[in-house]
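Okay, so here's the structure we're looking at.
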Amino acid sequence: MNATTSVHVEKLTKRFGAFVAVDAISFDIAAGEIWGFLGPNGSGKSTTIRMLCGVLEPTSGTADILGFNVARNPEAVKLRIGYMSQGSTLWADLTVQEHLRFYAGLYGMSGREREERISSWVQRVGLSERREQLAGTLPGGYRKRLALACTLLHAPQMIFLDEPTAGVDPVSRREFWDIIVGLADEGTTVMVTTHYLDEAEHCNRLAMIYNGTIVASGTPEELKHLPQIGTMVEVLSSDTVGVLDAVEHLPFVRGAGLYGSSLHVALADTSDIERLNAALAEHDLPAEAARPVLPSLEDVFSAVVQPQ
Ligand SMILES: Nc1ncnc2c1ncn2[C@@H]1O[C@H](COP(=O)(O)OP(=O)(O)OP(=O)(O)O)[C@@H](O)[C@H]1O
Ligand SMILES: [Mg+2]
């Protein structure tokens, strides 16, 4: 581990009784990187984050965060990180300002320093106009911004965001990501989970976890070129659902799904494009000829995270 590595994880494992929730995963996160952690429900994302933040003891394996071993030095880690837990709770009957004062107190801030920090974060996350508003009356997107501000108040070097935009509308999600990208540009390391694959495009690197095991990792571009995805083609049609029904069970089709107004079909290789076009013609479907496209992260996710 060197100064440019924020997280070094080796064979981290968590068992709950006989059930293995996280199965000997290893990865590194570089300083200032936005590192996305994707996986279906129950795949082990939150369990991993909780171990990295020192709130859950691993069964085995090690994690070094910002140069400190989490098991040996949890307090040193906690001082330097921010953790926005999944569904992190706010107090409905405390205002925005009262929340921030409470968190500032936990981090030992007081007086002018406290008020300056609060003002600066309130402004940064767009809550200036809502300082006196009760958290319980904030719209969902603003509640997430408040939770983020509470996470950032002590200027952590690294933040862990567990589904920070769940249930937030698209415009607020975009604004939230503008803040995350800005923080990373300033050198904050970010580990983030999300089920929105459009957001994953903002990450420098990603790992996909399934049944507690990392099944793919790399930059978004690298993931789109994984050999196991094969050849992805797009089919344009006025009846995409009809085409989907007709092609998804063809023996040479690995997977198919609606993507926007088109259909994405995964094939083993380019030689199958002819066969697909022949099948479309045979079914007399209103479709243009299939053409190769770069897979989306959704395509990658479906290809590597497949129920056995
Ligand atoms: N304290 C616990 N006791 C027993 N099983 C647990 C415990 N915490 C988590 N699990 C199980 O471990 C698995 C992984 O859970 P985890 O919360 O890490 O998943 P996740 O990837 O964060 O899912 P989601 O996308 O739904 O948030 C699940 O099967 C979950 O039920
Ligand atoms: Mg979770």
Self-check item: Per-residue HN-Hα couplings for region 87-94 [Karplus 6.51, -1.76, 1.60; θ = phi - 60°; Hz; x = Gly/Pro]
Solution: x, 4, 9, 10, 8, 4, 9, 10
Quiz prompt | Mean residue ellipticity (222 nm) of the chain, computed from DSSP H runs ≥ 4 via -39,500 (n - 2.57), nearest 500 | solution = -10000 deg cm²/dmol
Exercise. For Gln86, list long-range residues whose amide hydrogen, built 1.01 Å from N in the peptide plane, is under 5 Å from its own amide hydrogen.
Key: Asp162
Practice problem: Identify all lysines with a Cα-Cα distance to Lys11 below 22 Å; exclude those on the same chain that are fewer than 8 residues away in sequence. | Solution: Lys45, Lys78
Quiz prompt | In sequence order, calculated HN-Hα J values of region 101-110 (Karplus, 6.51, -1.76, 1.60; Hz; x Gly/Pro) | solution = 5, 4, 5, 4, x, 4, 8, x, 8, 7
Exercise. Report the far tail of the P(r) of region 227-304, meaning the percent of Cα-Cα pairs longer than 13 Å.
Key: 60
Quiz item: Between Rg and the Kirkwood Rh of region 129-242, both from Cα atoms, what is the Rg to Rh ratio?
Solution: 1.06
Quiz item: Taking a probe of 1.4 Å, how large is the accessible area per residue of the chain, in Å²?
Solution: 48
Self-check item: Percent of alpha-carbon pairs separated by more than 32 Å within the chain
Solution: 38
Quiz item: Tell me which aspartates and glutamates have Cα within less than 20 Å of Lys14's Cα, excluding those fewer than 8 residues away on the same chain?
Solution: Asp23, Asp28, Glu57, Asp64, Asp162
Quiz item: Which whole-Hz couplings ³J(HN,Hα) result when phi for each residue of region 70-85 is put into the Karplus expression 6.51 cos²θ - 1.76 cosθ + 1.60, θ = phi - 60°, listed in order with x for Gly and Pro?
Solution: 5, 5, 7, 9, x, 5, 4, 5, 4, 5, 9, 10, x, 10, 9, 6
Quiz item: Which whole-number percentage describes the relative contact order of region 240-300, with Cα contacts under 8 Å and a sequence gap of 6 or more?
Solution: 28
Quiz item: If you roll a 1.4 Å probe over the chain with all protein chains in place, what percent of the accessible area is carbon or sulfur?
Solution: 49
Practice problem: Take the alpha carbon atoms of region 62-127, find their radius of gyration, then divide it by 2.2 N^0.38 Å using N residues; give the quotient. | Solution: 1.34
Quiz item: Relative to the first principal axis of the alpha-carbon coordinates of the chain, what is the inclination of helix 170-185, with its axis defined by its Cα atoms, in degrees from 0 to 90 and to the nearest 10?
Solution: 60
Quiz item: Ratio of Rg to Rh for region 48-192, alpha carbon only, Kirkwood?
Solution: 0.97
Quiz item: For region 34-76 and region 116-143, what is the separation of their C-alpha centers, rounded to whole Å?
Solution: 29
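The values are calculated or read from the model by the stated rules, or taken from the named source; none is laboratory data. Please read all numbers here as calculations on a predicted model, not as lab measurements. These accessible areas exclude ligands, DNA and RNA; they are computed on the full protein's heavy atoms, side chains included. Shrake-Rupley method; radii C 1.70, N 1.55, O 1.52, S 1.80 Å.
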